[in-house]
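The values are calculated or read from the model by the stated rules, or taken from the named source; none is laboratory data. It should be emphasised that the depicted structure is a prediction, and the values quoted were computed from it without experimental measurement. Cβ atoms come from the backbone with ideal geometry, glycine included; neighbour counts cover every protein chain shown.
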Amino acid sequence: MKRRTEKKQAGTGRLAGRLCLITGAGGGIGRAAALALAREGATVIASDVDETAAEETAEAIRAASGAGMPVELDVADEASWEGCLAAIAAAHGPLDVLVNNAGVAMGGPLVDMTLDDWRWTMGVNLDGTFLGVKHGIRAMRARGGSIVNVSSVLALVGRPLIGAVAASKAGILALTRTAALECAARKYNIRVNAVLPGGVDTGIFHSQSWWPNLRADRGREADARRDIISDTPFQRLGSPDEIASAILFLASDEASFITGASLAVDGGYSAG
Ligand SMILES: NC(=O)c1ccc[n+]([C@@H]2O[C@H](COP(=O)([O-])OP(=O)(O)OC[C@H]3O[C@@H](n4cnc5c(N)ncnc54)[C@H](O)[C@@H]3O)[C@@H](O)[C@H]2O)c1
């Protein structure tokens with residue numbers, strides 16, 4: 001059977017006419033999600049703290065005949081959210097979908113972790129998702145919509161040396177459930193769900209500071225990437241497109257009776 005990642009399926013208009021904002025859309029899973037939602041007919045606002053990367057994603061969407069616009073957004077900064085959402089509303093109208101995807105990773109043993117490193121991780125991953133949920137609900141509550149938060153299997157399964165990320169991602173699950181219940185109780189018609197990726201082959205493995213820390217802590221030239229692969233029942237990393245498919249599903253009307261859910265997309269990692 002061919003892997004779904006080998007060929008980009010043509011869209012069937014599942015998000016035609018929808019306005020979607022994706023955070024951390026400058027690379028990895030966020031970029032794949034931006035392209036997937038645009039292929040399904042959405043107008044996609046590709047946001048990132050790295051404005052150039054956001055522009056590249058928007059350009060890739062337009063190159064594929066989609067509708068994509070870049071915007072600079074630091075998810076950990078509330079003023080940045082307020083300015084960004086006001087500008088989007090003025091230029092494009094009401095938001096239908098928000099994907100809170102931006103995230104960072106910080107590795108190393110808890111006994112050596114500085115409070116600054118802990119707070120940096122929490123600030124982007126958990127504060128950033130809280131601010132997205134808060135302002136996303138405000139932007140969508142008049143006519144409904146869908147919020148998809150990108151958590152991690154680390155929210156479910158313990159793994160050494162990645163404590164700050166795991167704690168932030170578990171917080172995102174609690175936040176997702178609370179937000180789903182509050183939106184339902186207030187009849188906002190906003191669904192709030194979480195996607196939990198396992199190991200996915202993105203820049204997060206190569207460019208951020210946690211990866212060398214993991215190797216150094218093991219005291220050998222450990223291939224931490226290979227370790228994750230061997231702990232994954234499918235014996236491989238996921239692709240950004242495979243996570244994007246789950247985000248697309250939860251964002252779309254196909255998930256119309258799903259809220260407060262956590263969908264693991266992890267090659268079986270959390271089943272063990
Ligand atoms: N790759 C994995 O194995 C994996 C596993 C589980 C969960 N995740 C989660 O998936 C999400 C996407 O990760 P990825 O693997 O694509 O990583 P990535 O590093 O490729 O992309 C993350 C993007 O977030 C942006 N970003 C960082 N800080 C930001 C901020 N303050 N405001 C806005 N944007 C910011 C970066 O510029 C980058 O474009 C993250 O939340 C990550 O925790 C990834």
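For segment 67-79, which positions are closer than 25 Å to D127 by Cα, in contact with a helix residue (DSSP H, G or I) (Cβ under 8 Å, 6 or more places away or on another chain) and outside any loop (DSSP other than H, G, I, E, B)?
Correct list: M69, P70, V71, E72, E78.
Any residue at all in segment 202-216 that is outside any loop (DSSP other than H, G, I, E, B) and modelled with pLDDT of 80 or more?
Yes: one or more hits.
Based on what the data block shows, is M122 within 16 Å of the ligand (Cβ to nearest atom) and more than 24 Å from A244 (Cβ to Cβ)?
Taking the combined requirement at face value, the residue satisfies it.
Can you pull out the residues in segment 103-134 that are in a helix (DSSP H, G or I), touching a Gly at 6+ places or on another chain (Cβ under 7 Å) and at pLDDT 95 or above?
Answer for segment 103-134, where residues must be in a helix (DSSP H, G or I), touching a Gly at 6+ places or on another chain (Cβ under 7 Å) and at pLDDT 95 or above: V124, N125, L126.
Output the number of the condition that T52 fails; it satisfies all remaining conditions of (1) farther than 22 Å from T12 by Cβ; (2) away from the ligand (no atom under 16 Å from the Cβ); (3) among the polar types (S, T, N, Q).
Answer for T52: the failing condition is (2).
Kindly check whether there is at least one residue in segment 52-66 that is assigned to a helix (DSSP H, G or I), on the phi < 0 side of the Ramachandran plot and in contact with a Lys or Arg (Cβ under 6 Å, 6 or more places away or on another chain).
yes
Quick one: would you say D241 is modelled with pLDDT under 95 and acidic (D, E)?
In short, no.
Which of (1) within 10 Å of the ligand (Cβ to nearest atom); (2) touching a strand residue (DSSP E or B) at 6+ places or on another chain (Cβ under 7 Å) is the odd one out, the single condition D127 does not satisfy?
Condition (2) is where D127 drops out.
Just name the residue that is nearest to the ligand (Cβ to nearest atom) out of those in segment 56-73 that are more than 18 Å from I29 (Cβ to Cβ) and touching a Gly at 6+ places or on another chain (Cβ under 9 Å).
Per the criteria, the residue is E59.
Give me the pairs: first residue in segment 234-253 and within 17 Å of G17 (Cα to Cα), second residue within 12 Å of the ligand (Cβ to nearest atom), beta-carbon distance under 8 Å, and six or more apart or on different chains, which are they?
Sorted first by the residue in segment 234-253, then by its partner, the pairs are L248/A33; L250/V148; L250/V195; A251/V99; A251/V148.
For segment 225-234, does any single residue satisfy the condition of being more than 13 Å from the ligand (Cβ to nearest atom) and modelled with pLDDT under 95?
yes
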